[in-house]
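Participant: This structure is in structure tokens; I'll ask about it shortly.
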Amino acid sequence: MDTTPRTVASGLHFPEGPRWHEDRIWFSDLYSHQVYSAREDGADLRTEATVEAQPSGLGWLPDRRLLIVSQLDRKILRREPDGTLATHADLGGHATGAANDMVVDAAGRAYVGNFGFDLMGGAPHTTASLHRVNPDGTVTEAAADLWFPNGAVITADNVLIVGETFGNRVTAFDLTGDGHLVNRRAWAEFGPVPAEAGEALKEPPVGPDGCCLDAEGALWIADATGNRLIRVTEGGTITDEIRPGTGVFACALGGADGRTLFACTAPDFAAEARSAAKEAALLAYRVTIPAA
């Protein structure tokens, strides 16, 4: 593993939701309202979509159309073949906070997290639900009582794993053939778990944000409260750590051999500061175990 970073893109406001797709790294930049993609080395950076209500999580339908979380208005947008954006789903009557990350399964069902409370306004912490958006745009609650459901992955044997940023843990569910989440369990716990609403750990030992899965079944997790990337195996053992020297909020494995770890970095996540400054960057590290 090489912990020397390479800069893929700089001058960003707040990169989020990185995905390796069709030989390019895709990511959102919340406060420039852009979705970008680039080659592995950062060349040929291009704008893929503009989302005024802040783009976040990304995914693709089986027919290759791009899905984008529109954070502030709690919608999922769909990019049509001609490049126009259409509303794929409206989570406004379901999500109790700004929508954030998303994972899309092989059938085109999107699982979307949300803050659950007004994070930027300093509201008391409370739990939120993970919602399933079906290919026809209908929305269903998939799981409740999660402490800020955030980055998620789906394994080859149909286990959905989601980080709870203010819950100090990563939670797993079995994903059934019809899209339901069952057999809820802790995949990793890093310390105390909040007992009830209003008692969330504001600075937990690990704040699991965006994550990605490697070929050995371990997760690389952006630790939003610890300014580090950690590789975690089921049960909570941390096998590797990378410290970018700044905040890190999401990650993705990709590149030609699957061994490039892309990291979304910024000094902090404060909306006022990030919307005004361009200090954030998409970095890349070389790791030993490739992407799942």
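Participant: So what's the Cα pair-distance distribution over the stretch 213-254, bin width 10 Å, in %?
Facilitator: That works out to 31, 57, 12, in percent per bin.
Participant: How far apart, in nm, are the 7 Å Cα→Cβ label points at residue 1 and residue 276?
Facilitator: That separation, rounded to one decimal, is 3.7 nm.
Participant: Top mean-square fluctuation among 57, 17, 92, Gaussian network model of the chain, C-alpha springs under 10 Å?
Facilitator: 92
Participant: Counting only Cα atoms, I'd like the Rg/Rh figure for the stretch 128-188, Kirkwood definition for Rh.
Facilitator: Rg/Rh for the stretch 128-188 comes to 0.95.
Participant: What is the sum of charges, Lys and Arg at +1 and Asp and Glu at -1, for the other residues whose Cβ falls under 11 Å from the Cβ of residue 281?
Facilitator: Net local charge, residue 281 excluded: 0.
Participant: Would you tally the net charge around residue 162, using a Cβ to Cβ cut-off of less than 15 Å, leaving residue 162 out, and scoring K and R as +1, D and E as -1?
Facilitator: -4
Participant: Can you tell me the dipole magnitude for the stretch 1-155 around its Cα centre, using point charges on the Cβ only (Lys, Arg +1; Asp, Glu -1), in Debye to the nearest 20?
Facilitator: Computed about the Cα centre, the dipole is about 80 debye.
Participant: Let me ask another. Any chance you could get the radius of gyration and Dmax over the Cα atoms of the stretch 1-138, in Å?
Facilitator: 15.2, 45
Participant: Let me ask something additional. Based on the Cα coordinates of the stretch 56-204, what is the per residue volume of their convex hull in Å³?
Facilitator: 103 Å³
Participant: Return the calculated 222 nm mean residue ellipticity for the chain, to the nearest 500 deg cm²/dmol, obtained by summing -39500 (n - 2.57) across DSSP H runs with n ≥ 4 and dividing by the residue count.
Facilitator: -500 deg cm²/dmol
Participant: Please get the size of the charge dipole for the chain, origin at its Cα centre, with Cβ charges of +1 on Lys and Arg and -1 on Asp and Glu, quoted in debye to the nearest 20.
Facilitator: My answer is approximately 280 debye.
Participant: Among 146, 12, 85, whose mean-square fluctuation peaks in a Gaussian network model of the chain (Cα, cutoff 10 Å)?
Facilitator: Its mean-square fluctuation being the largest, the pick is 85.
Participant: I would also like to ask the following. Can you tell which of 36, 115, 130 lies farthest toward the positive end of the dipole of the chain, using +1 and -1 charges on the Cβ of basic and acidic side chains (Lys, Arg; Asp, Glu)?
Facilitator: My answer, from the dipole projection, is 36.
Participant: Distance between the C-alpha centers of the stretch 6-37 and the stretch 72-137? Whole Å please.
Facilitator: Spelled out, the Cα-based centre of one part sits 19 Å from the other.
Participant: Can you tell me the alpha carbon radius of gyration of the stretch 222-292 divided by the globular rule-of-thumb value 2.2 N^0.38 Å?
Facilitator: Dividing the Cα radius of gyration by 2.2 N^0.38 Å gives 1.18.
Participant: What residue among 74, 109, 185 has the largest mean-square fluctuation in a Gaussian network model of the chain, using Cα springs under 10 Å?
Facilitator: Of the options given, 185 has the highest mean-square fluctuation.
Participant: Please give the length that would be gained between residue 234 and residue 157 if that part of the chain were fully extended, namely 0.36 nm times their separation in residues minus their C-alpha to C-alpha distance (nm, one decimal).
Facilitator: 26.3 nm
Participant: Apply the Karplus curve 6.51 cos²θ - 1.76 cosθ + 1.60, θ = phi - 60°, to the phi angles in the stretch 238-244 and return the couplings in whole Hz, x for Gly and Pro.
Facilitator: 8, 9, 8, 9, 10, 10, x
Participant: Give me the Kirkwood hydrodynamic radius of the chain, using the inverse of the mean 1/r over all pairs of distinct Cα atoms, in Å to one decimal.
Facilitator: Radius from the Kirkwood sum: 18.5 Å.
Quick note: the coordinates plus some simple rules give every number you see, no bench work behind them. Worth saying up front: this structure is predicted, and the values here are computed from it rather than measured. Using ideal geometry, Cβ is built from the backbone for each residue, glycine included, and neighbour counts are taken over all protein chains shown.
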